[in-house]
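*Asks:* What follows is a single structure, and I will ask about it in a moment.
We did not get these values from a lab; they are worked out from the coordinates using the rules stated. Small disclaimer: the values here were computed from a predicted structure and weren't measured. FYI the Cβ positions are ideal-geometry reconstructions off the backbone, even for glycines, and counts take in every protein chain you see.
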Amino acid sequence: MGLFDTLFGRGTKTSAPVARDRLQILLAHERTGDGNESDLLSKLQAEILEVIKRHIPVEQEKVQVKLDRGNSVSMLEIDIEVPQIRTPGRP
Amino acid sequence: MAKVLVVTSGKGGVGKTTSTAALGASLAQTGQNVVVVDFDVGLRNLDLVMGAERRVVFDLINVIQGDAKLSQALIRDKRIETLSILPASQTRDKDALTAEGVARVMQELREKFDWVICDSPAGIERGAQLAMYHADHAIVVTNPEVSSVRDSDRIIGMLDSTTEKAKGGGKIEKHLLLTRYDPARAARGEMLRIEDVLEILSIPLLGIIPESEEVLRASNLGAPVTLSSPDSPPARAYAEAARRLEGEKLEITVPTERKGLLARLFKGKS
């Protein structure tokens, strides 16, 4: 980057490093063969749901799976809307 | 009533995905519910251009095969609340995209959104045909360049013959979006003129998007250009095209750089 660019503010606003970082994270995931990540996720979701269903009734539509892939770790978030549980003994 | 739009071109690399993202964001900014759908199975990129690539969990194929509900596959944009993206599958076989499956998903999207914008894959094969099949409107993205114009002509023929509307005796509304246009080169006679392209393709013009560095910057950042630099010429051109889609009558111009003298001298931050 030239002095000119640095002086006039281009240096702080370049977009190419952002592009490189985004690609590195994305391709790291795509290359490691977790291309079937969604298979894993739907399996996880189904099994977790099964366990929960043993105790409370949950609809599949009330389950939201969110993912945020990071550089070294990814965050998997599963939101399950649980209906009001009636305690046994009451109508 | 929801409107289904297909962004198509035949030729690759002319700006379908850029245009899908930019128009989708512009329409959603007015508060309407918009979904952009990637039909490029195996080579998805709309997620990357929209900056949602790290958040893809399920995709169109998962929904078609019943592995996920539509609501689970939709990714809400982090900048505009009324904008969602439905990613394509990166790994599955293209054959997983079935006509019945696509019809079912499109019906469900029509119920949920005001605008459904389908980003077509390049080519004229199955994926491109399925992307256009349910559309009410088609945006034909064309560069002022011979092979692009020829491929657009081919696509226009398909829009008039192989879509649901055409088969029912109706007509898809077609719009020409001229992208990567360089007014200086056109003035020097080095690039097909707008009038030439219009005369050859003879479909109404939706907008002219000038060639601009801002488009690359936007995809680097993972944001539609209408959000990353809303005052730039391409962003203004897309915003106006979006207003025309909503029925506004606006004179078509080629937006140019709006810069003060100082900025012009120093080619500074835009």
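*Asks:* For the stretch B:216-258, which trypsin sites (Lys or Arg not before Pro) are both in a DSSP coil and crowded by at most 13 other Cβ atoms within 10 Å? Could the numbers behind the result be given before it?
*Replies:* On the way: sites: B:Arg217, B:Arg236, B:Arg243, B:Arg244, B:Lys249, B:Arg258; in loops: B:Lys249, B:Arg258.
Sparse-neighbourhood loop trypsin sites (Lys or Arg not before Pro): B:Lys249, B:Arg258.
*Asks:* Moving on to the next point. 5 Å is the cut-off here: which amide hydrogens, built 1.01 Å from N in the peptide plane, fall below it relative to B:Ile209, excluding neighbours closer than 5 in sequence?
*Replies:* For B:Ile209, whose amide H was placed from the backbone, the distant partners under 5 Å are B:Leu178, B:Thr179, B:Arg180, B:Tyr181.
*Asks:* To the nearest 20 Debye, how big is the dipole of the stretch B:18-66 about its Cα centre, given +1 on the beta carbon of each Lys and Arg and -1 on that of each Asp and Glu?
*Replies:* It comes to approximately 120 debye.
*Asks:* Take every Cα-Cα distance within the stretch B:1-83, group them into 5 Å bins from 0 onward, and report for each bin the whole-number percent of pairs it holds.
*Replies:* All Cα pairs considered, the percentages come to 3, 14, 23, 26, 21, 11, 2.
*Asks:* For the protein assembly as shown, taking Cα atoms only, what is the radius of gyration to one decimal and the Dmax to the nearest whole Å?
*Replies:* Computed over the Cα atoms of the protein assembly as shown, radius of gyration and Dmax are 22.2, 86 Å.
*Asks:* State, to one decimal in nm, how far the label point of B:Ala99 lies from the label point of B:Asp196, with both points 7 Å from Cα in the Cβ direction.
*Replies:* Label at B:Ala99, label at B:Asp196, 4.0 nm between them.
*Asks:* For chain B, what does the alpha-carbon gyration tensor say about shape, rounded, prolate or oblate, given a ≥ b ≥ c as the root eigenvalues, a/c under 1.5 as rounded, and a/b over b/c as prolate? The partial results should precede the final answer.
*Replies:* Details: a/c = 1.83, a/b = 1.31, b/c = 1.39.
It comes out oblate by the Cα gyration axes.
*Asks:* Arrange the following residues from fewest to most other Cβ atoms within 10 Å of their Cβ: B:Val56, B:Val149, B:Val6. Before the final figure, lay out each step's value.
*Replies:* Details: B:Val56 24, B:Val149 19, B:Val6 29.
The fewest-first ordering by Cβ neighbours comes to B:Val149, B:Val56, B:Val6.
*Asks:* If you take the C-alpha gyration tensor of the stretch A:21-82, multiply each eigenvalue by 5 and take the square root, what semi-axes do you get, largest first, in whole Å?
*Replies:* Values: eigenvalues 160, 28, 12 Å².
Calculated on Cα positions only, the semi-axes equal 28, 12, 8 Å.
*Asks:* Can you give the FRET efficiency for B:Arg76 and B:Lys171, using 1/(1 + (r/R0)^6), R0 = 30 Å, r = Cβ-Cβ distance, to the nearest 0.05? Show your work: numbers first, answer last.
*Replies:* Working: r = 34 Å, r/R0 = 1.13.
After rounding to 0.05, the efficiency reads 0.30.
*Asks:* Multiply the residue gap between B:Leu250 and B:Glu213 by 0.36 nm, knock off their C-alpha separation, and tell me the result in nm, one decimal place. Mind showing how you got there, number by number?
*Replies:* Details: separation 37, 0.36 × 37 = 13.32 nm, distance 2.52 nm.
My answer for the length gained is 10.8 nm.
*Asks:* Size of the dipole of the stretch A:21-82 about the Cα centre, Lys and Arg at +1 and Asp and Glu at -1 on the beta carbon, nothing else charged, in debye to 20?
*Replies:* Here the stretch A:21-82 has a charge dipole of around 80 debye.
*Asks:* Roughly speaking, what is the centre-to-centre gap between the stretch B:182-237 and the stretch B:161-180 when only Cα atoms are used, to the nearest Å?
*Replies:* 22 Å
*Asks:* In percent, what relative contact order does the stretch B:95-168 have, based on Cα pairs under 8 Å that are 6 or more apart in sequence? It would help to have the intermediate numbers written out before the result.
*Replies:* Values: 47 pairs, mean separation 18.7, N = 74.
Relative contact order comes out at 25 percent.
*Asks:* With chain B treated as a Gaussian network of Cα nodes joined by springs under 10 Å, which of B:Ala52, B:Ala239, B:Ala96 yields the largest mean-square fluctuation?
*Replies:* Result: B:Ala96 has the largest fluctuation of those listed.
*Asks:* While we're on this one: State which entries of A:Lys66/B:Lys112; A:Lys66/B:Lys165; B:Lys3/B:Lys249; B:Lys11/B:Lys165; B:Lys69/B:Lys174; A:Lys62/B:Lys78 exceed 25 angstrom in Cα-Cα distance in the structure shown. Before the final figure, lay out the partial values.
*Replies:* Details: A:Lys66/B:Lys112 20 Å; A:Lys66/B:Lys165 37 Å; B:Lys3/B:Lys249 18 Å; B:Lys11/B:Lys165 23 Å; B:Lys69/B:Lys174 32 Å; A:Lys62/B:Lys78 21 Å.
Check vs 25 Å cut-off fails for A:Lys66/B:Lys165; B:Lys69/B:Lys174.
*Asks:* Here's a follow-up. Taking just the alpha carbons, could you work out the radius of gyration and Dmax for the stretch B:117-270, both in angstroms?
*Replies:* So, for the stretch B:117-270, Rg and Dmax equal 16.9, 58 Å respectively.
*Asks:* In deg cm²/dmol and to the nearest 500, what is the mean residue ellipticity at 222 nm of the protein assembly as shown if only DSSP H runs of at least 4 residues count, each as -39500 (n - 2.57), divided by the residue total?
*Replies:* Numbers: 17 runs with 151 residues, N = 361.
Using -39500 (n - 2.57) per qualifying helix, the result is -11500 deg cm²/dmol.
*Asks:* Over chain B, with a Gaussian network built from C-alpha contacts below 10 Å, which listed residue (B:Ala237, B:Ala21, B:Ala103) shows the highest mean-square fluctuation?
*Replies:* B:Ala103
*Asks:* Nearest-5 percent of antiparallel DSSP beta bridges in chain B? Walk me through the intermediate numbers first.
*Replies:* On the way: 2 of 30 bridges.
Taking every DSSP beta bridge with both residues in chain B, the antiparallel ones total about 5 percent.
*Asks:* Hey, another quick one. If you build a Gaussian network model of chain B, linking Cα atoms that sit under 10 Å apart, which residue out of B:Gln107, B:Gln129, B:Gln32 swings the most?
*Replies:* Result: B:Gln107 has the largest fluctuation of those listed.
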